[in-house]
Amino acid sequence: HRWGCAARRCSSTMIAVLIAHSATVISPGSKVLVVGSGPVCLCAAKLAAVRGFSTTCLVPPGDCELGPGLVSEGGDLGSLPLTFMPVAGPEASEEAIEAAAASAEGLILAIDNEGAFGKPVLETFLQPSSALKRVAVMSRYLNGEGMGFFASAAKTAANKDVWAANAQAVASYKAMEAEVARMSGAAGVEWTVIRAGTLKGGGSGCSGEEGDERSGEPSLLTPAFYELGQQDIVNWRLLYDCSALKVKLVRGDTLPGPGFTAALTATDKVGAGDSHRGAVAAALVEALRSPDAANRDYSVAAEEGREFPGEKEWSHLFEAAH
């Protein structure tokens, strides 16, 4: 019996090593297409460009307007290899969108609200005839733990971004994940699902303010992020971006929602079910070049800390996730 268990463990380890070594990764300079909407999508586009990918961000016209100012103070992208492209409206070009989809080696799909990509949209970007090698898609915690009444009440009363896992949204995300896996397999593309709970923060905090000891992460969205949406007397998103920069990455859909503490941790306090937007965006980008991330799903959680993972730390997070 002991030898059988040992053999199975050895076999599992060997399979994992073979998967990692055979995985296709993309390198800086490769073309990456980021599709979606909202701050998490824009942050992923910025981080992809910062990592050296030639990045096209395909978003609604409103995000095209906001994007440059959220990526770079003053809206000047300078030498950053990032282009914004509208998915709809008078400036949208079907030919340009098809060309961007056909030439991209990496694809990131991320919607900030609770929308999931449907089959017709996925078919546009996951085509066997394209150059695509890797796709990373944002989904959610779908296991149902720590959800229910308290999470729903906090969403209504305190923060509309609280992820409460309503049945319709859960079904949409599950359908999306199944289609991504199926279409990727048919196209010979490797996929990664990055799961988020309640999306919080996403800006650079106080990292650009002289003498401010609360810190932050300069590679994330500019302070213009804090001017979006409803404004409070104290901008809790800024406070969160200074204190919730540590990242927990686990394999699978195992992390809980906020449970009965949902109302207490709905805004600036770090709680169960939280995912920092910057961490989710970075995980989507790093998944494109992580051999370990091929054809797997991971959940991202925020933890208290003032240091955001760098490139080497992200590589280790994917290697160590279990």
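The values are calculated or read from the model by the stated rules, or taken from the named source; none is laboratory data. No experiment lies behind these values; they were computed from the predicted model shown. Neighbour counts are summed over all protein chains in view; Cβ atoms, including those assigned to glycine, are modelled from backbone coordinates with ideal geometry. These area figures cover heavy atoms from the full protein model, side chains too; ligands, DNA and RNA do not enter into them. Shrake-Rupley method; radii C 1.70, N 1.55, O 1.52, S 1.80 Å.
Would you mention how many residues in region 20-61 are assigned to a strand (DSSP E or B) and among the hydroxyl-bearing types (Ser, Thr, Tyr)? Let's see the steps before the verdict.
Filtering region 20-61 down to residues assigned to a strand (DSSP E or B) leaves 31-37, 54-59.
Then keep just the ones that are among the hydroxyl-bearing types (Ser, Thr, Tyr); that gives 37, 54-56.
Of the residues in that region, 4 qualify.
Taken together, the residues in region 89-111 that are in contact (Cβ under 8 Å) with a residue 60 or more places away in the chain and either open to solvent by 20 Å² or more (accessible area, probe 1.4 Å) or touching a His at 6+ places or on another chain (Cβ under 6 Å) (or both) amount to 3.
For GLU114, indicate whether it is in contact (Cβ under 8 Å) with a residue 60 or more places away in the chain and either open to solvent by 10 Å² or more (accessible area, probe 1.4 Å) or touching an Asp or Glu at 6+ places or on another chain (Cβ under 6 Å) (or both). So GLU114 does not fit the description; no. Contact map, region 66-78: first residue among the β-branched types (Val, Ile, Thr), second residue in a helix (DSSP H, G or I), Cβ cut-off under 8 Å, separation 6 or more or different chains; pairs are VAL71/LEU42; VAL71/ALA45; VAL71/LYS46; VAL71/ALA49.
A search for C-beta distances below 6 Å between a residue of region 18-34 that is farther than 27 Å from VAL121 by Cβ and modelled with pLDDT under 95 and any residue that is open to solvent by less than 50 Å² (accessible area, probe 1.4 Å) and acidic (Asp, Glu), counting only pairs 6+ apart in sequence or on different chains, returns ALA20/ASP292.
Search region 62-78 for residues being of a type in the set (D, E, K, R) and assigned to a helix (DSSP H, G or I), and hand back the single one that is most open to solvent (accessible area, probe 1.4 Å). Let's see the steps before the verdict.
Taking region 62-78 first, the residues of a type in the set (D, E, K, R) are 63, 65, 73, 76.
Still in the list and also assigned to a helix (DSSP H, G or I): 63, 65, 73.
Numbers: ASP63: 23, GLU65: 153, GLU73: 136 Å².
Per the stated criteria, the residue is GLU65.
Among the helices (runs of 4 or more DSSP H) confined to region 112-209, the ones with at least 1 residues that are touching a Gly at 6+ places or on another chain (Cβ under 9 Å) are located at 149-157, 167-187.
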